[in-house]
1. Would you kindly derive the ³J(HN,Hα) couplings of the range 146-157 from the backbone phi angles with the Karplus curve 6.51 cos²θ - 1.76 cosθ + 1.60 (θ = phi - 60°), listing them in order in whole Hz, with x for Gly and Pro?
2. Which FRET efficiency value, to the nearest 0.05, do you get for K83 and A56 by plugging their Cβ-Cβ distance into 1/(1 + (r/R0)^6) with R0 = 22 Å?
3. Under unit Cβ charges (Lys, Arg +1; Asp, Glu -1), what dipole magnitude, rounded to 20 debye, does the range 9-192 have relative to its Cα centre?
4. So if we plug the beta-carbon distance of D142 and E180 into 1/(1 + (r/R0)^6) with R0 = 22 Å, what FRET efficiency do we get, rounded to 0.05?
5. Taking the dipole about the Cα centre of the chain, with the C-beta of Lys and Arg at +1 and of Asp and Glu at -1, give me whichever of V36, L133, T100 is farthest to the positive side.
6. Which order results if M72, M122, M55 are arranged by neighbouring Cβ count within 10 Å, fewest first?
7. By per-residue mean of other Cβ atoms within 10 Å, what is the highest-first order of 129-138, 29-38?
8. Quote the relative contact order of the chain in percent (integer), defining contacts as alpha-carbon pairs under 8 Å separated by 6+ residues.
Amino acid sequence: MTDISSPVPSATSALRSLARMVESLRESGLALYRPVPKQRAAHELGATCRLRLLMAGNQQGKSTCGSAETAMHLTGLYPETWKGHRFQKPIRAWVAGDTTVTTRDIVQRKLLGEPGQLGTGMIPKDRILDVVLARGLGESVDFCVVKHERGQSYLAFRTYEQGRRKWQGETLDWIWYDEEPPPEIWTEGLARI
């Protein structure tokens, strides 16, 4: 007589395989990114324009677009169809939002994933080499190191509320402003790239 209360080995194996596939998909935001026409146009302008602005209404995919392109530049993982700018080396990048809270809840989440679920954002989990938390800011990241196809990229998180002085001194390859920055932050950021 067969015990029907326990799954047969092949069913157990299939469930484990399915669970691994689901976990893999959770950790491949960049691999799943498919830009809509307005996002694609913004990416493609990167091949000819040093500065770009993507304007759209709320919840229209601006942050998704910015995080996807930032992840591509940090990792060197560009889709075959990519027509935008390509960095041929690891990069130094800053990403920023208005406040510590919005930077953590929007920009950081889009790139690294939900709190406690590192690697579920646009940067693949196996590409996140190191993460350093900001002091006393509740799961806010100060900077991280990302595996690029040709070395290691560096990514720091900044906010406009930090003021202009925190934006001085660094030489960068890439800055992604998630929201429109104040003029003094814009000027400092422009001087960094």
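1. With coefficients 6.51, -1.76 and 1.60, one gets 10, 6, 9, 4, 10, x, 10, 9, 10, 10, 10, 9 Hz.
2. Working: r = 20 Å, r/R0 = 0.92.
Calculated transfer efficiency: 0.65.
3. Numbers: 26 positive and 21 negative charges, 87 e Å.
In total the dipole reaches around 420 debye.
4. Details: r = 23 Å, r/R0 = 1.06.
Working from the Cβ atoms, E equals 0.40.
5. With unit charges placed on the Cβ atoms, the residue in question is V36.
6. Numbers: M72 22, M122 26, M55 9.
If I rank by nearby Cβ atoms, fewest first, I get M55, M72, M122.
7. 29-38, 129-138
8. Details: 301 pairs, mean separation 43.0, N = 193.
After rounding, I find 22 percent.
Every number in this text was worked out from the coordinates using simple rules, so none of it is lab data. Keep in mind the model is a prediction, meaning the values are calculated, not measured. Note that each Cβ is placed from the backbone with ideal geometry, even for glycine, and that neighbours are counted across all protein chains shown.
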